[in-house]
Amino acid sequence: MESNAVLESRPVEAADSGGSPMDLSKRRRIGETIIESLLFLAGVISVFTTIGIVYVLLKEALGFFGSPEVSLAEFFTGTTWQPAIGNFGIWPLVTATLMVSTIAMLVALPLGLATAIFLSEYASARTRGIVKPILEILAGIPTVVYGYFALTFMTPLLRRIFGEGVVQIFNTASAGIVVGILIIPLVTSLSEDALHAVPRSLREAAYGLGATKLETAIRVVVPAALSGITAAFVVAISRAIGETMVVAIAAGAGPKFTFNPFESAETMTGHIVRISGGDLSYDSIDYNSIFAIGLMLFLITLILNVISRRIVRRFREVYE
């Protein structure tokens with residue numbers, strides 16, 4: 001027994017062509033070296049791409065803020081955005097973006113999480129095989145189709161419910177609802193992955209204590225997967241904030257400072273699409289304003305990711 005233990009503790013060795021022992025653990029394989037190099041290259045490209053995007057945004061945005069017509073105080077506190085006449089208050093675009101994103105979250109988060117719980121805890125293999133492809137179809141539909149769906153179906157539906165005098169043809173409510181439908185597959189997929197990662201032993205322990213399947217899902221599985229679900233929510237919110245075609249088609253085409261979701265308003269992404277498609281001269285104040293708006297979007301997304309990382313670290317559960 002002692003000799004066997006000694007043999008097991010020694011590193012694996014093999015004889016080379018000369019008969020001398022060779023440690024296989026230190027032997028380099030060409031295929032693994034190539035794969036490692038490619039993966040490292042992919043990481044480097046991702047980092048430099050991010051740096052390049054930030055550099056372009058900062059460079060062009062500084063050109064905008066360095067203009068004598070622009071005031072930082074007006075930019076962050078003003079409620080009128082009309083660069084053509086020298087009004088640079090960003091709040092009309094920010095409030096429209098936040099309204100669309102909030103409505104989208106009210107639609108996507110509960111429906112997406114409920115669907116994830118159903119697929120993870122209740123659905124049979126056959127049901128899961130039917131529901132997941134349907135969600136993948138929703139994720140694969142072009143966003144421009146969602147935009148016209150919001151304009152031709154959701155808006156008339158809201159006008160029939162609340163009245164044509166209340167709901168305008170272009171409004172942030174229909175755009176927000178459809179953006180929420182758009183990101184349901186994202187919330188569902190990421191939340192289901194987080195729920196599926198919860199160990200089976202926690203479920204069995206809850207069943208052993210007499211908990212029902214619903215109690216186990218709501219009080220045991222969801223809290224255990226809270227960090228992953230939170231990360232899924234933040235990714236979905238970032239996706240909603242950055243959505244372009246739906247809001248460009250259905251929300252409206254003019255900056256308007258309003259908190260009424262049934263009125264037309266223009267989001268930051270919608271404004272970028274509308275302005276960049278016009279005849280703007282390079283390095284003009286209107287042209288540089290696009291990058292200032294893009295920088296605001298980047299900062300909002302960055303803040304969301306920082307909050308997400310803090311929440312994930314706070315509620316992260318590690319199981320062995």
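Surface composition of the chain: carbon plus sulfur atoms hold 65% of the accessible area, using a 1.4 angstrom probe and ignoring ligands, DNA and RNA. Using C-alpha pairs under 8 Å with a sequence gap of at least 6, the mean separation divided by the residue count of the chain gives a relative contact order of 23 percent. Of the options Ala108, Ala231, Ala123, report the single residue whose Cα projects farthest towards the positive end of the charge dipole of the chain (beta-carbon charges: Lys, Arg +1; Asp, Glu -1). Checking the options against the dipole of the chain, the answer is Ala123.
Please give me the summed charge of the neighbours of Lys213: other residues whose Cβ is under 13 Å from its Cβ, Lys and Arg +1, Asp and Glu -1. Taking every Cβ under 13 Å from that of Lys213, the sum is -1.
Matching the structure-derived percent of Cα pairs over 25 Å apart against the labelled list [x] 49; [y] 65; [z] 61 gives the label [y].
Could you do me a favour and compute the accessible area per residue for the stretch 104-166, 1.4 Å probe, result in Å²?
Here the per-residue accessible area is 59 Å².
A Förster radius of 22 Å combined with the Cβ-Cβ distance from Ile45 to Arg313 puts the calculated FRET efficiency at roughly 0.20.
Averaging 1/r over each pair of different alpha-carbon atoms in the stretch 35-193 and inverting the result gives 19.6 Å, the Kirkwood hydrodynamic radius. Helices from the chain with mean Kyte-Doolittle at least -0.5 and a Cα length along the axis of 15 Å or more, per DSSP H: which? Length and hydropathy pass: 30-65, 91-117, 125-140, 172-196, 226-242, 285-315. For Met245, Met296, the ranking by accessible surface with the largest value first comes to Met245, Met296, using a 1.4 Å probe. Electrostatic bookkeeping for Ile229 treats Lys and Arg as +1 and Asp and Glu as -1; over the other residues with beta carbon under 11 Å from its beta carbon, the sum is -2.
Residues considered: Ala265, Ala61, Ala123. Largest GNM mean-square fluctuation over the chain, using C-alpha springs under 10 Å, is found at Ala123. The coefficient of translational diffusion for the stretch 181-245, derived via Stokes-Einstein from the alpha carbon Kirkwood radius under 10 °C and 1.306 mPa s, stands at 124 µm²/s.
Note on Arg274: accessible area is roughly 100 Å² with a 1.4 Å probe, heavy atoms of protein only.
Note the direction-averaged projected area, equal to a quarter of the hull surface, for the Cα convex hull of the stretch 64-115, in nm². Spelled out: convex hull of the Cα atoms, projected over all directions, averaged, 4.6 nm².
The values are calculated or read from the model by the stated rules, or taken from the named source; none is laboratory data. Being a predicted model, the structure only gives us computed values, none of them experimental. Cβ: placed from backbone, ideal geometry, glycine included. Neighbour counts: every protein chain shown. Note: accessible area is taken over every heavy atom of the protein model, side chains too, but ligands, DNA and RNA are not part of it. Shrake-Rupley method; radii C 1.70, N 1.55, O 1.52, S 1.80 Å.
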